[in-house]
Structure formats: structure tokens, C-alpha cells
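Student: To start, I am sharing the structure in question, which I have written as C-alpha cells.
The values are calculated or read from the model by the stated rules, or taken from the named source; none is laboratory data. Please read all numbers here as calculations on a predicted model, not as lab measurements. Quick reminder, even Gly has a Cβ in these numbers, built from the backbone with ideal geometry, and neighbours come from all protein chains shown. SASA here: full protein model, heavy atoms, side chains in, ligands and nucleic acids out. Shrake-Rupley method; radii C 1.70, N 1.55, O 1.52, S 1.80 Å.
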Amino acid sequence: MTFRTRFAPSPTGPLHLGHAYSAMLAHDIAQAAGGIFHLRIDDIDQGRARPAWEAQILDDLQWLGLSWPAPVWRQSARTPRYRAALEVLWRRGLLYPCTCTRRDIQAAASAPQEGAPLLGPDGIIYPGTCRPARRTGPLPEDCALRIDMKMATQAIGTTQFTETLHDPGTYPVTAAGMIGAVGDIVVSRRDMAASYHLSIVVDDADQGITDVVRGQDLFDATQIHAVLQRLLDLPTPVYHHHRLIRDEAGKRLAKRDDARAIATYREDGKTPAEIRAMVGLPPGATAL
Ligand code: GLU
Ligand code: ZN
């Protein structure tokens, strides 16, 4: 099997040092393994994605010396694929429509008898208000869909994923952990064909991605991806969650942090080699 990895930026802001590190590391690792590095555009959130950001990101990545095969996949062009995956889950009775607002969820989760709301990788763990909703008929199109995590994990039993960088090992994904610490996450939104979790899992499988290289901040999301992969009968890639690039104060870099945008460094006359050195990458390719 060809080693394939990818960098999947969302075109909602400039490419900053943290993204550049992620992309260069993935590119290096693919090169060292004799594999392929793919660039993919995560523009599922059409309300926030901008063509100008996409163009700038591509330009910055090329300037950094990265290359990738054409065509570049765009999530916005793949909505029928996500719909098909949702259909599979819906027909198995694993999804339910949710009409709660953020405020409803906050209120239900912080009701006095509930104590402080529990947080999962997707924010507040959904209190289950809409769980009894109808699960028959055609796939609903006009509301958010949540996955019934209890039923979903019962359907697959324990699954697992392997991680090599952050804290190397094989991680079991259990029903108890998913129900208690993740809950019924959203897989499709009213204004978005699919959530990040569902779209990324379908994309990785369809593109034959064997190795996912991404930031440590997504480590907790990986268990969700492993569950979705099992439910949809898709392979689970090997995960390599890398350290995060922080500013001098130790804070994670944010999208709006223009000071660390690659475009700003370019304007200041920095070279790609200097960018590599800044994030601690040796010259030339790095193997895992
Ligand atoms: N578009 C996602 C992001 O920018 C990709 C995350 C991933 O690699 O799974 O965070
Ligand atoms: Zn709801």
C-alpha cells in the first residue's frame, strides 16, 4: 500500500507558523517514506471559507517548497459523498435530528441537578434532549443530526487506533469512554452538509490516506474518527499527532495571529529555510 498523507487546511484565515509546521512535517514524512503528500481543502464551512484565503494558502505552501498531485480535493465538491455516509448511519437508526440551540444545550447541561457541564472534544457533552426524536423516514435535511453514541458503540464494540508521536501506543476506544467523555456529537449541521468529523473520515478513506499527520490538539478527536470509520466500514489510518507551535508566551497560535502568518514572514524577507529552522525542522526531509 502506498504511504499517503495529507494536509487539510480550512481556508478561513492565513497559513501561520503552526500550519506550516504541520504541512512541512507531513510532506517530509511522505518523502522519507517514498509516499505521496496530498493537499486537501477543508471548505465544508462555506459560511467562513474564502477563495482569497485558499489562494494565499496554496501560494504559501508552494513558496515553502511543498508539492502535491492534482487535482486538489475540495470538501465543498464532495457533499453527495457525505450525504451517502449519513444515509448509511441514518438507515441503521444511529442518527437523530437535533433542533437545540447552543443556548438550549448550555441550559440543559448546566441544570442544577447536573452539576458543571462536562466538556468533550466538541465542547459541552450533549445532554440528550432530542435523543427520543423520530429516526424513521427520509434523512432529514433541514436540521442538525447527532449520532447516538451509546447505540453506535454498542454496534461496533471496542475499536482502537495507533499513535506514533504524541504518546506512542495503541489506544482502545471503548463504549464507556465515548458515552461519558464525548457523547452524541453532531455529524451534520443545518447549514453544513457534514461536520468536520464525518467529512474528514470519508475524505481520508476515499483518498487512501494511510497516515494522518496533524496537531496534538486533535488527539481527542481521533477516537471519534475511529468510531465513525468502524461504523462506515472504512480503514483506520495510523495517526501521528505532532507538538504544537507556540508563541513566546507559550500560547497556541491562533488563525487571527497575523504576526505569525507565513505571508508576514515572506514580506519581512524570511526564507523557507529560515521558516523550517524556526519550527525546529532540520534542512531536508525528516523521517518518522
Ligand atoms: N481542516 C482541519 C483543520 O484545519 C483539518 C484537521 C485534520 O487534519 O484532521 O484543523
Ligand atoms: Zn437537540
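Student: Over the chain, give the accessible area per residue in Å² for a 1.4 Å probe, as an integer.
Tutor: That works out to 47 Å² for each residue.
Student: Near the amide H of HIS16, under 5 Å away, which other amide H atoms are found, from residues 5 or more places off or on another chain, if H is placed in the peptide plane?
Tutor: Those qualifying (amide H under 5 Å, at least 5 residues apart or on another chain) are ILE262.
Student: State the percentage of accessible surface on segment 177-288 attributable to carbon and sulfur atoms; use a 1.4 Å probe and exclude ligands, DNA and RNA.
Tutor: Looking at segment 177-288 in its full context, I get 49 percent from C and S.
Student: By the scheme Lys and Arg +1, Asp and Glu -1, what is the net charge of all other residues having a beta-carbon under 13 Å from that of GLY280?
Tutor: +1
Student: Given that compact globular proteins tend to follow 2.2 N^0.38 Å, what is the ratio of the alpha-carbon Rg of segment 179-232 to that value?
Tutor: So segment 179-232 has a normalised radius of gyration of 1.16.
Student: Once amide H atoms are built 1.01 Å from N in the peptide plane, which residues 5 or more positions from ALA144, or in another chain, come under 5 Å H to H?
Tutor: Those lying under 5 Å, H to H, from ALA144 are CYS98, ARG190.
Student: Taking all protein chains in place and a 1.4 Å probe, what share, in percent, of the accessible surface of segment 1-116 do carbon and sulfur account for?
Tutor: 52 percent
Student: Another question about this same structure. I'd like the accessible area for ARG81, computed on protein heavy atoms only with a 1.4 Å probe and all protein chains in place. Round to 10 Å², please.
Tutor: 80 Å²
Student: Along its three principal axes, how long is segment 64-190 when you only count alpha carbons? Whole Å, largest extent first please.
Tutor: 55, 39, 32
Student: Something else about it: Using θ = phi - 60° and the Karplus curve 6.51 cos²θ - 1.76 cosθ + 1.60, what whole-Hz ³J(HN,Hα) does each residue of segment 163-170 get, with Gly and Pro shown as x?
Tutor: Values, residue by residue: 10, 10, 10, 4, 7, x, x, 10 Hz.
Student: Could you work out [θ]222 nm for the chain from helices alone, using -39500 (n - 2.57) per DSSP H run of at least four and dividing by all its residues? Round to the nearest 500 deg cm²/dmol.
Tutor: Calculated from helices alone, the mean residue ellipticity at 222 nm is -10500 deg cm²/dmol.
Student: Compute the Kirkwood hydrodynamic radius of segment 152-288, taking the inverse of the mean of 1/r over all pairs of distinct Cα atoms, and give it in Å to one decimal.
Tutor: When all Cα pairs of segment 152-288 are included, the Kirkwood radius is 17.4 Å.
Student: Next question, about the same structure. Compute, for HIS38, the solvent-accessible surface of its heavy atoms (probe 1.4 Å) with the complete set of protein chains present, and express it in square angstrom to the nearest 10.
Tutor: 20 Å²
Student: Near PRO80, within a Cβ-to-Cβ distance under 15 Å, what is the net charge of the other residues, with Lys and Arg +1 and Asp and Glu -1?
Tutor: 0
Student: Rounded to the nearest 5, what is the percent of antiparallel bridges among the DSSP beta bridges in the chain?
Tutor: Once the DSSP bridges in the chain are tallied, antiparallel ones form about 55 percent.
Student: So how far apart, in nm, are the two label points at ALA155 and GLU267 if each is 7 Å from Cα heading toward Cβ?
Tutor: Calculated label separation equals 4.9 nm.
Student: Longest exposed-loop-site-free stretch of the chain, with GluC sites (Glu not before Pro), DSSP loop and at most 14 other Cβ within 10 Å?
Tutor: So the longest stretch without any such site is 1-140.
Student: Now for a separate question. What's the long-distance tail for the chain, i.e. % of Cα pairs beyond 27 Å?
Tutor: Roughly 44 percent, rounded to a whole number.
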